[in-house]
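**Student:** I have a structure here, written as structure tokens, and I will follow up with some questions on it.
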Amino acid sequence: MPESEGCAMMWRVLQGRRDASRKISCGAFRRGRWGILMIAALFQLQSLLFSAEMPETLAVLPIQPCEGVGKEIAAAITDVIEHALKSTGKFTLVNRADMEAILREQDFQHSGRCDEPGCAVTIGRILGTKKMVTGRMAQVGRLYQVRLQLIEVETAVIENEILDKCQCGPEALLRLAEAEAYLLAGTDSEPRSVVDVMTRDAVSNVAPGIMLAARGVHATVKKDSVILNFRYIIQDCSNPTAIVQLLVAVGKSGLVCIYHGMPGCSGASQVVTIAIPLRHYGSEGDGKTAIYFAGIWTTSVARAKRDFLTGGGHRDIIGVINYHKVQG
């Protein structure tokens, strides 16, 4: 092969290798550039997700008892609020013992009442928290008023405030505080109503020789129902062969027959437990619904229910369900 042809062939081979190397390098560069961009995007997405899921540090100051409120119920309300806020997953709560230890270490002095934003912000900065919760409550008779505030420590801004009243007993008051805590955190995952049930025994001499009674009446409020427990007593010496229906009713609905028979002069007595659904009651807001215990002298349950709705038979009120709509 002539020298010129050999050189030309070598040049073409080298040129081909260089072109191939260039293609490989460019392809690798492109793949590397896209890989870097994808990794950067993943890191950015992970950072956003991480920051979104990170709970904020929060401290709950003891609820301040005002007029008529004992320290014990205020402490119980504080515990309920802390538990509810923690259960949302939105906050990391400062342990109360740790909070008191830090304040002692910093020689922080206050008058014992710290339910105002300025005081809460000062404590929040000492603790290094993002947010603080303060509150106070008062009582007049069975009427309670509870106020909660969620405060941003850095800006001293009140982010959310809940003020509510409840004419209820201690158990319903605790549920009110729990519902308020969920609303304060900005979640509607919990019901916005609380229920309180007042009960009483009833003993009636319906007629000569006829006695009707409900004794030991007790009610427990569950999430969606009231569990009613009591002993009924029925005695009819005036007509030993008369058939009696004993009913329990919530308002004019929820009728339940708990006894059907001829009690006679020896009488009939039994402890009963009844679950009363709450989904149909109190949905419009505040209100009351009576729980009736009734005796209807008739031969069938269906007839007894009809007579009850038209005002027949004898009835006593053995309980009152109080509904309170929590304002959000």
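The values are calculated or read from the model by the stated rules, or taken from the named source; none is laboratory data. Remember, predicted model here, so these are calculated numbers, not experimental data. Because the Cβ atoms are built from the backbone with ideal geometry, glycine has one as well, and the counts that use them run over all protein chains shown.
**Student:** Name the single residue, out of those in segment 78-98 being small (Gly, Ala, Ser) and part of a helix (DSSP H, G or I), that is farthest from ALA120 (Cα to Cα).
**Tutor:** The qualifying residue farthest from ALA120 (Cα to Cα) is SER87.
Rundown of residues vs (1) over 15 Å from the mean Cα position of the chain (by Cα); (2) without any contact (Cβ under 8 Å) to a residue 24 or more places away in the chain, yes/no style:
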residue: MET132; (1), (2): yes, no
residue: GLU152; (1), (2): yes, yes
residue: LEU173; (1), (2): no, no
residue: ALA177; (1), (2): no, no
residue: GLY186; (1), (2): no, no
residue: ALA202; (1), (2): yes, no
residue: ALA207; (1), (2): yes, no
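**Student:** Right, here's the next one. How about segment 99-136: which of its residues are assigned to a loop (DSSP other than H, G, I, E, B) and at pLDDT 80 or above?
**Tutor:** Passing the criteria: GLY128, THR129, LYS130.
**Student:** Turning to a different aspect of this structure: Counting just the residues of segment 139-161 that are out of contact with any Pro (no Cβ under 9 Å at 6 or more places or on another chain) and polar (S, T, N, Q), which one comes out farthest from GLU116 (Cα to Cα)?
**Tutor:** Top of the filtered list is GLN145.
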